[in-house]
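Peer 1: One structure follows; several queries about it will come next.
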Amino acid sequence: QVQLVASGGGLVQTGGSRRLSCETTEQIFSTYTMGWFRQAPGKEREFVAWITWSGGLTDYAGSVKGRFTISKDNAKNTVYLQMNSLKPEDTAVYYCAADRSSFPNTDWPYWEYWGQGTQVTVSS
């Protein structure tokens, strides 16, 4: 059974930083593209960022580019999402996901595996 365990959410002030983590199995971590999505109340789940299994290619949503960074720790089978300069509109439940494509579709239904969400709340 594939497991993706997300953590690191919490309450942060506008302009602050937060790092999310997503731990998975070695098989998934070493062969799948890993990504982050988010869903705000009353809104569709949206793409945030992804990183290929090699870590050599990344992609970001325009709304987070330059503020968020996705990275991998091979020793820990963990993907991180470093979020800086947070804004109230970043408030959402953040989900990590995995997909076998090396250049995945950014629409969430195409992604194969999902972790549980972690809430990030940015106060104004």
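The values are calculated or read from the model by the stated rules, or taken from the named source; none is laboratory data. Small disclaimer: the values here were computed from a predicted structure and weren't measured. Glycine also receives a Cβ, built like all others from the backbone with ideal geometry; neighbour counts cover every protein chain displayed. The accessibility values were calculated without ligands, DNA or RNA, using every heavy atom of the protein model including side chains. Shrake-Rupley method; radii C 1.70, N 1.55, O 1.52, S 1.80 Å.
Peer 1: Please specify each residue of region 3-12 satisfying the condition of being open to solvent by 50 Å² or more (accessible area, probe 1.4 Å) and more than 18 Å from V48 (Cα to Cα).
Peer 2: Result: Q3, L11.
Peer 1: Now a separate question. Quick check: anything in region 12-29 in a strand (DSSP E or B) and without any contact (Cβ under 8 Å) to a residue 24 or more places away in the chain?
Peer 2: So far as region 12-29 goes, no, none of its residues is in a strand (DSSP E or B) and without any contact (Cβ under 8 Å) to a residue 24 or more places away in the chain.
Peer 1: In region 38-52, what count of residues is obtained for those that are surrounded by 10 or more Cβ atoms within 10 Å (Cβ to Cβ) and not aliphatic (A, V, I, L, M)?
Peer 2: Result for region 38-52: 7.
Peer 1: Something else: Name the pairs whose Cβ atoms lie under 8 Å apart, with the first residue in region 51-77 and at positive phi, the second part of a strand (DSSP E or B) and surrounded by fewer than 17 Cβ atoms within 10 Å (Cβ to Cβ), and 6 or more positions between them or separate chains?
Peer 2: Within 8 Å, the pairs are G55/S71.
Peer 1: Just to check your reading of the model, which residue among G62, G15, G55, G66 is open to solvent by less than 60 Å² (accessible area, probe 1.4 Å) and at pLDDT 95 or above?
Peer 2: Sole residue among the options that is open to solvent by less than 60 Å² (accessible area, probe 1.4 Å) and at pLDDT 95 or above: G15.
Peer 1: Does Y60 count as of a type outside the set (A, V, I, L, M, F, W, C) and within 11 Å of the chain's Cα centre (by Cα)?
Peer 2: The answer is yes for Y60.
Peer 1: State all residues of region 91-124 that are small (G, A, S) and over 14 Å from L4 (Cβ atoms); if no residue qualifies, say none.
Peer 2: A92, S101, S102, S123, S124
Peer 1: Considering only residues that are over 12 Å from the mean Cα position of the chain (by Cα) and either among the β-branched types (V, I, T) or open to solvent by 20 Å² or more (accessible area, probe 1.4 Å) (or both), which ones fall in region 19-29?
Peer 2: T24, T25, E26, Q27, I28
Peer 1: Kindly indicate whether Q82 is open to solvent by 70 Å² or more (accessible area, probe 1.4 Å), touching a Phe, Trp or Tyr at 6+ places or on another chain (Cβ under 9 Å), modelled with pLDDT of 95 or more and of a type outside the set (D, E).
Peer 2: Considered against the rule, which asks whether it is open to solvent by 70 Å² or more (accessible area, probe 1.4 Å), touching a Phe, Trp or Tyr at 6+ places or on another chain (Cβ under 9 Å), modelled with pLDDT of 95 or more and of a type outside the set (D, E), Q82 comes out as no.
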